[in-house]
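Rule-based calculations on the coordinates, nothing more; no lab input. Quick caveat, the model's predicted, so the values are computed rather than measured. Cβ coordinates were reconstructed from backbone atoms using ideal geometry, including for glycine residues, and neighbour counts include every protein chain displayed.
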Amino acid sequence: MIWKTIEKPKQGWAVVPNLLDYDQVRAEFSWQAARRELDGLPSGGGLNIAYEAVDRHAAGALSEHLALRWLGKRGEIRDFTYADLRALTDRFANVLKRLGLDAGERVFMLTGRIPELYISALGTLKNRNVFCPLFSAFGPEPIRQRISIGDGRVLVTTVTLYQRKIAELRSALPGLKHVLLIGTPDELRAIPDTKDFHQLMEQADNRFDIPPTDPEDLALLHFTSGTTGKPKGAMHVHQAVVAHHMTGRYALDFHPGDIFWCTADPGWVTGTSYGIIAPLTHGITSIIDEAEFDAERWYGLLEQQKVTIWYTAPTAVRMMMKVGTEVIRKFDLSNLRFIASVGEPLNPEAVVWGQEAFGLPIHDNWWQTETGGIMIANYAAMEIRPGSMGRPLPGIDAAIVRQRKDGTVEVVDAPEVEGELALRPGWPSMFRGYLNEDARYRKCFADGWYLTGDLAKRDRDGFYWFVGRIDDVIKSAGHLIGPFEVESTLMEHRAVAEAGVIGKPDPTAGEVVKAFVALKPGFAASEDLRLDLLGFARRRLGVAVAPREIDFVANVPKTRSGKIMRRLLKARELGLPEGDTSTLESD
Ligand code: ATP
Ligand code: MG
């Protein structure tokens with residue numbers, strides 16, 4: 001199916017988008033100028049993420065402006081102004097200083113989305129320690145591995161998570177010197193070898209002077225999602241904040257007074273770059289929701305909190321599509337101005353569904369843990385070609401390339417030709433290495449390009465289209481087939497809620513396409529439906545690309561950040577070992 005371009009008005013905007021003239025902004029853009037939009041530490045002390053996010057606003061007109069509004073699972077609300085956040089993050093920086101942490105030592109965080117997480121993240125950066133958030137749903141072994149690879153010195157967690165997951169690991173983590181627990185004094189009394197987070201905070205001074213910070217000092221350690229294999233620890237530095245700020249402006253269209261909700265958990269890079277840092281650097285208000293996905297509650301939140309900009313993920317969009325548009329009509333979402341999505345390909349169906357459901361299309365954007373910030377995006381003022389990731393951000397040079405046998409790289413200039421998506425290194429939030437995996441890091445670069453591991457193509461007008469991860473691409477009878485194209489087509493069928501597609505080895509074709517399909521409520525698996533789906537896909541995709549086999553499944557396996565784990569579908573299909581499943585979402 002060819003999807004119609006979604007046009008945007010040329011003028012008459014209620015809020016004028018930041019990126020009105022793409023070509024002009026790109027032509028005039030420089031990272032030096034972007035850096036000058038930030039303040040830098042006083043008296044030439046360098047650049048520190050937390051200063052740009054908090055202190056510079058707390059010292060100025062935004063001091064009493066709402067920085068974070070936290071919505072608890074049980075309906076609690078806690079508000080933090082920029083001044084509040086400054087005092088609390090100063091306290092936490094003092095806690096770390098008192099514990100004797102040196103610059104560069106790592107602070108791990110294992111909690112749900114609670115205020116202490118945000119305070120710890122920014123306080124850690126102030127003391128020039130490296131912040132490493134872990135997803136609270138990880139089991140003990142993934143936690144042990146990450147703290148041990150990352151040489152964690154401090155862990156902040158809750159009493160419950162400690163008792164359930166960490167206590168048994170303590171002896172296996174000799175480098176972990178301090179565990180700071182969040183809980184009531186009663187709960188804490190019974191637990192040896194730990195410290196009381198809140199007591200330390202109370203005892204600490206609420207003023208902290210951020211020491212000089214080199215823009216190249218390590219700031220963040222993020223583990224990748226583990227979609228294609230064992231997660232890698234990507235290291236980021238303080239000047240990443242220049243990219244967080246710039247992309248907040250152009251890709252997410254932040255304006256003063258905006259109320260922003262990023263639904264990602266800080267356990268993943270999106271939840272830190274955009275769930276913590278970028279909106280704060282713009283002095284706007286962020287909503288933090290402690291609870292998990294629930295369509296009605298989410299719409300209620302958008303209405304009550306008057307959210308203007310919403311950043312979510314395809315997996316959430318698909319869940320909303322499953323529930324349908326009817327329920328949305330009960331809510332007043334008139335404050336909402338811009339919706340964006342990241343993490344996986346956003347099916348064209350979903351972009352268009354946004355338009356129908358919210359009166360706003362969903363703007364797909366693309367980036368990776370490694371890139372630290374959004375690299376390719378659909379913009380508020382620019383037309384959307386459903387299924388396209390959009391165009392590179394100002395300051396980002398992208399290309400479609402092919403690596404030759406001798407390791408050199410050929411740039412594919414022609415439009416509509418598939419190849420590996422590559423980026424010219426040099427933007428501030430580019431990762432500086434994979435922790436303890438230098439060879440793996442070096443393999444990402446060739447001939448002056450960073451190779452992303454994703455296949456894509458570019459159309460005549462410079463829009464990029466995601467084809468698939470190189471690891472997932474199916475080679476069938478001489479065709480290269482991206483699973484996304486097949487999955488998106490299956491999603492157009494009224495019975496399909498989700499689909500995962502793999503290549504299954506075949507003696508004649510090399511591989512044949514096999515699809516795993518989860519059905520929408522109200523549809524039952526049957527032979528008739530299978531045949532209907534096979535025919536439906538064949539008519540739209542042609543016999544060469546359409547699935548040869550379809551299995552019905554209750555759920556498609558996904559990472560905790562919501563990405564379809566095709567490698568797991570494949571391993572299960574072929575009866576092979578499942579590999580690293582530390583990030584697998586449990587049903
Ligand atoms: P791992 O590297 O451990 O296998 P991962 O690549 O899923 O995991 P992340 O860094 O969280 O880890 O995800 C980045 C990847 O997600 C991209 O390389 C791309 O494959 C996919 N992705 C992100 N956004 C998009 C998008 N808008 N469209 C298509 N794919 C996307
Ligand atoms: Mg990756």
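The table that follows gives values for the structure above.
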{"item": "Efficiency of FRET between ASP580 and SER63 - r from beta-carbon atoms, R0 41 angstrom, step 0.05", "result": "0.35"}
{"item": "Long-range HN-HN contacts of ILE362 with modeled amide H, under 5 Å", "result": "GLY354, GLN355"}
{"item": "Relative contact order (percent, whole number), the range 473-586, Cα cutoff 8 Å, 6+ residue spacing", "result": "24 percent"}
{"item": "Label-point separation in nm, GLU141 to GLN32, each point 7 Å along Cα→Cβ", "result": "5.2 nm"}
{"item": "Highest average packing first - 409-417, 296-304, 358-366, 18-26, Cβ atoms within 10 Å", "result": "358-366, 296-304, 18-26, 409-417"}
{"item": "Distance between modelled label sites at LYS177 and ARG442, nm, 7 Å Cα→Cβ extension", "result": "3.3 nm"}
{"item": "Protection proxy ranking of 124-137, 29-42 - average other beta-carbon atoms within 10 Å, highest first", "result": "124-137, 29-42"}
{"item": "Rg ratio (alpha-carbon, reference 2.2 N^0.38 Å) - the range 284-380", "result": "1.05"}
{"item": "Span from the the range 53-99 Cα centroid across to the the range 336-407 one, whole angstrom", "result": "31 Å"}
{"item": "Alpha-carbon gyration tensor eigenvalues x 5, square-rooted, for the chain, Å", "result": "38, 27, 25"}
{"item": "Cut-off under 5 Å, modelled amide H: who pairs with ALA446 long-range", "result": "LEU451"}
{"item": "Rounded to whole Hz, the Karplus (6.51, -1.76, 1.60) HN-Hα couplings of the range 328-336, x for glycine and proline", "result": "5, 4, 6, 10, 9, 10, 6, 6, 5"}
{"item": "R0 of 22 Å, Cβ-Cβ distance LEU360-VAL327: FRET efficiency to nearest 0.05", "result": "0.85"}
{"item": "Most to least packed among 6-13, 43-50 [average Cβ atoms within 10 Å]", "result": "43-50, 6-13"}
{"item": "Alpha carbon centroid spacing (whole Å) that separates the range 1-40 from the range 553-587", "result": "38 Å"}
{"item": "Taking N as its residue count, the alpha carbon Rg of the range 387-468 over 2.2 N^0.38 Å", "result": "1.11"}
{"item": "Relative contact order (%) - criterion: Cα under 8 Å, at least six apart; region: the chain", "result": "13 percent"}
{"item": "Label-point separation in nm, ARG572 to THR408, each point 7 Å along Cα→Cβ", "result": "4.6 nm"}
{"item": "Cα-derived Rg to Rh of the range 335-494, Kirkwood definition", "result": "0.98"}
{"item": "ASP454 long-range amide H proximity, modeled H, under 5 Å", "result": "LEU421, ILE470"}
